[in-house]
Each structure stands twice: as C-alpha cells, then as structure tokens.
Amino acid sequence: MNLVLDPGGTRLKIARAEGGRLDAVTHIPWEALSTASDSAPYLANATDPTGEAEGINLYVLNRPDPPAAGPHWRATFTEALSPVELTWNTIDPLDDPGFEVVYSDGQPGSDRIAAAVACQRRDPGGSFIIIDAGTCITIDLLSPGKWRGGAILPGLRLQAQAMKQAGLPELVPDDHHNWPAASAANGALGTNTLEALTAGIAFATQKSVEAIAAEFKALDPCSQVIITGGDARHFDGVGGWLTFADPNMVLQGCATLLNERNS
C-alpha cells in the first residue's frame, strides 16, 4: 500500500495512492497526532492496515514540518500503526515536475508545485490560475510549460487568530466549514464588531484573491481558475469566472508524480 502525506500548517493530509488515483483522503488535526491512541481512528480510515503484512510505503511531501506538528509526529504515526511495517520516503515535486519553474531566488513551496503538477497533467496545454486556500493562501500562474510564480496571503484562520490575539472576537466558520461573507457592497459594511471582522477578513480576502487572479488573467487570458485547499469553497466563483474546485490538488499532484516515477 502506498500513502501520500502532506504536512500542512494546521493538519496532516493523507490519502491512499494507487495508479495515480487518490482514495480514502483523511485530514488529521495535528493535536490528534500527539498520542497514538488519539490518532489511531484517523489512521484506520486512511490505511485499513488489516492484513497488510507487506507493510505500507509512506511518501511525505518534501516541505518543512509546521510548528503545530511538533517534533514527534512521525513516531506517533508509527506507533499508532504498529505492528505494520512502515517505510518512510520523501516525494519532491521540484525534482523534474514536467515544466519550468521560474523563481528568482530560492525555491517555491513544494505544495504549490504539486498542485501545479495535478493541473498540468490534467490539461498539458492549458493555463491555470491556482488558488490554494489553506493556512496560507497562494495564488499562482501556470502557463503552458512554465510555472510563473504567484502571491502568498495569510489564510482566513490565520487572520482570525491574529485578530483574537489583538483582543477582538474570533471569527470562525460554521459547522459546515463555511466562512461568513455577504455579497456586493453589504459585505464591506459591518454594523457591529463581528460583522466588521467578517468584512475585513472573509469578504476582503475574497476581493484580494479576485484582484490578484484578475492581474494573472491579464497576463494569460486563456487561464482557467482552479481552487483547492481546506477553504476552497469560500472562493468558488470568484470574479464571476467559471472555476473548478478540488480540495485535494496537492495530494493529487503527489500521487501523479509517485505513479510516474514508479512506472
């Protein structure tokens, strides 16, 4: 069994990956990986280790562990799946992703390139504006044969937590993970503190993402808008463009590369 893992800012994302396809996508909050007993129910859903005598191959996206992960999450992961034998591997999308990566200094995040891989393999001749709405929000431009860079914004939860630390009420999504945001001018006019926070976070971030995507549209008018990440639905339909939402583009890119490199 092969599993691809993406250690994101607020949670670990896991999926079974066979033949380039994802199955049993599971999101585990980092706090659940503090003990083996807490993480076991999540991992059972992701792995179903019964009878896996040959073990499990883990392919972790090559990115720094976020602070929320803690130093021992791999050990907890291993303990929770004992006695199944685990083989830990790294998958790096920046290692020959199949297109040029334009970056003047250093390297972009591997999650950004993994999402671009998923888009490019879906439509090799297409152009994409890729909006990944997670702990941070990235908006990137992929033209045929070339990943051209992008923008990074603080994510909705990150902004809400910063406001809370400043002594303001905490803005949170509802039970269905939907963030509050009115439409048109009403979205910018809060008549109490919580509405003002909604205007300054949920509504304004939509507008920021829309503005950046519009600039990318001007650079590549044929580009399709692709939205991924845990808060993808908050940005679906931005700008009135036809958008495609898939919350697991980063994992899909990892699964695609794993299949290509093992073939």
Return yes when residue 148 is open to solvent by 30 Å² or more (accessible area, probe 1.4 Å) and assigned to a strand (DSSP E or B) and no when it is not.
yes
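Looking for whichever is part of a strand (DSSP E or B), surrounded by fewer than 16 Cβ atoms within 10 Å (Cβ to Cβ) and over 18 Å from the mean Cα position of the chain (by Cα) here; the options are 89, 45. Which one fits? Break it down stepwise before answering.
Values: 45 fails: part of a strand (DSSP E or B).
Going through 89, 45 in turn, just one is part of a strand (DSSP E or B), surrounded by fewer than 16 Cβ atoms within 10 Å (Cβ to Cβ) and over 18 Å from the mean Cα position of the chain (by Cα): 89.
Of the residues in segment 50-81, how many are open to solvent by 80 Å² or more (accessible area, probe 1.4 Å) and either touching a residue at least 24 places away in the same chain (Cβ under 8 Å) or over 16 Å from the mean Cα position of the chain (by Cα) (or both)? Break it down into steps so the answer makes sense when it comes.
The initial filter retains those residues of segment 50-81 that are open to solvent by 80 Å² or more (accessible area, probe 1.4 Å), namely 50, 53-54, 64, 67, 71-72, 74, 79.
This time we only want the ones that are either touching a residue at least 24 places away in the same chain (Cβ under 8 Å) or over 16 Å from the mean Cα position of the chain (by Cα) (or both), so: 50, 53-54, 67, 71-72, 74, 79.
So the answer is 8.
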Any idea how many residues of segment 202-241 are within 20 Å of the chain's Cα centre (by Cα), open to solvent by 20 Å² or more (accessible area, probe 1.4 Å) and of a type in the set (A, V, I, L, M)?
1
Please specify each residue of segment 190-220 satisfying the condition of being among the small types (Gly, Ala, Ser) and outside any helix (DSSP H, G or I).
190
Right, residue 97: part of a loop (DSSP other than H, G, I, E, B), within 21 Å of residue 150 (Cβ to Cβ) and at pLDDT below 95 or not?
no
Go through (1) within 26 Å of residue 29 (Cβ to Cβ); (2) surrounded by fewer than 15 Cβ atoms within 10 Å (Cβ to Cβ) for residue 96 and report which single condition fails.
(1)
Among residues of segment 174-186 being small (Gly, Ala, Ser) and surrounded by 13 or more Cβ atoms within 10 Å (Cβ to Cβ), the residue modelled with the lowest pLDDT is 182
Would you be able to say whether some residue in segment 79-86 is part of a helix (DSSP H, G or I) and of a type in the set (Ser, Thr, Tyr)?
no
Tally up the residues in segment 221-257 that are more than 26 Å from residue 180 (Cβ to Cβ), part of a loop (DSSP other than H, G, I, E, B) and touching a strand residue (DSSP E or B) at 6+ places or on another chain (Cβ under 8 Å), please.
1
Unique match (being at pLDDT 90 or above and either over 20 Å from the mean Cα position of the chain (by Cα) or over 27 Å from residue 109 (Cβ atoms) (or both)) among 189, 171, 158, 141
171
Please work out which residue is farthest from the chain's Cα centre (by Cα), limiting yourself to segment 2-40 and to residues that are open to solvent by less than 50 Å² (accessible area, probe 1.4 Å) and farther than 21 Å from residue 254 by Cα.
36
Cβ contacts < 6 Å: first residue closer than 16 Å to residue 254 by Cα, restricted to segment 101-117; second residue among the small types (Gly, Ala, Ser) and assigned to a helix (DSSP H, G or I), any location; separation 6+ or different chain. Result?
114/253; 115/253; 117/253
Please go through segment 242-263 and give me each residue that is more than 19 Å from residue 57 (Cβ to Cβ) and either touching a Lys or Arg at 6+ places or on another chain (Cβ under 6 Å) or open to solvent by 40 Å² or more (accessible area, probe 1.4 Å) (or both), ordered by number.
242, 244, 245, 247
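The values are calculated or read from the model by the stated rules, or taken from the named source; none is laboratory data. Keep in mind the model is a prediction, meaning the values are calculated, not measured. Virtual Cβ from ideal backbone geometry, glycine too; neighbours counted across all protein chains shown. Ligands, DNA and RNA are excluded from the accessible area calculation, which covers all protein heavy atoms including side chains. Shrake-Rupley method; radii C 1.70, N 1.55, O 1.52, S 1.80 Å.
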